[in-house]
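Worksheet for the structure shown next.
Here, each number is a calculation from the coordinates, and none is a lab measurement. Given the structure is predicted, the values throughout are model-derived calculations rather than measurements. As a convention, Cβ positions derive from the backbone with ideal geometry for all residues, glycine included, and neighbour counts pool all protein chains shown.
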Amino acid sequence: MDQNQIAKQMMEFNKTAFDNTFGVMVALQDQAEKLVSNVLEKTPMFPEEGKKVINEWVNTYKKGRENFKATADESYKKVADFLSNMQEGKVGKK
């Protein structure tokens, strides 16, 4: 088997593992968010400013999570394009 093909399969396996792990992390974070929201709703003594801070924190980590995923996807795409170009002989020849 060609070395480029092996590298491409390894990269695809790595991306699949990353996507699956990321999906589990998202599910855990979403569950934690629901739990915190329920606790905040049922705790009348919790100050409104504290609820606002927690909601901002939740929105910030969601945005960071989305940015991280987009960056990782873009990086995987660049590697896949590079490996495809290597396989076609477009890289490394002058």
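Details
- Residue in the stretch 23-35 that is within 30 Å of N85 (Cα to Cα) and not hydroxyl-bearing (S, T, Y) present: yes
- Filter pass, E49 being out of contact with any Gly (no Cβ under 9 Å at 6 or more places or on another chain), loosely packed, with under 10 Cβ neighbours inside 10 Å, assigned to a helix (DSSP H, G or I) and of a type in the set (D, E, K, R): yes
- When R65 is tested against (1) within 24 Å of F13 (Cα to Cα); (2) loosely packed, with under 10 Cβ neighbours inside 10 Å; (3) not aliphatic (A, V, I, L, M), only condition (2) is not met.
- Single match in A7, A27 (criterion: within 17 Å of the chain's Cα centre (by Cα) and hydrophobic (A, V, I, L, M, F, W, C)): A27
- Hey, E56 of a type in the set (D, E) and either more than 25 Å from the chain's Cα centre (by Cα) or closer than 16 Å to K15 by Cα (or both) or not: no
- Of the residues in the stretch 74-94, none is among the polar types (S, T, N, Q), exposed (fewer than 11 other Cβ atoms within 10 Å of the Cβ) and assigned to a helix (DSSP H, G or I).
- Selected residue (criterion: nearest to E74 (Cα to Cα)) from residues of the stretch 11-61 that are touching a helix residue (DSSP H, G or I) at 6+ places or on another chain (Cβ under 8 Å) and basic (K, R): K15
- Entry remark, the stretch 1-13: residues being part of a helix (DSSP H, G or I) and in contact (Cβ under 8 Å) with a residue 12 or more places away in the chain number 6 in total.
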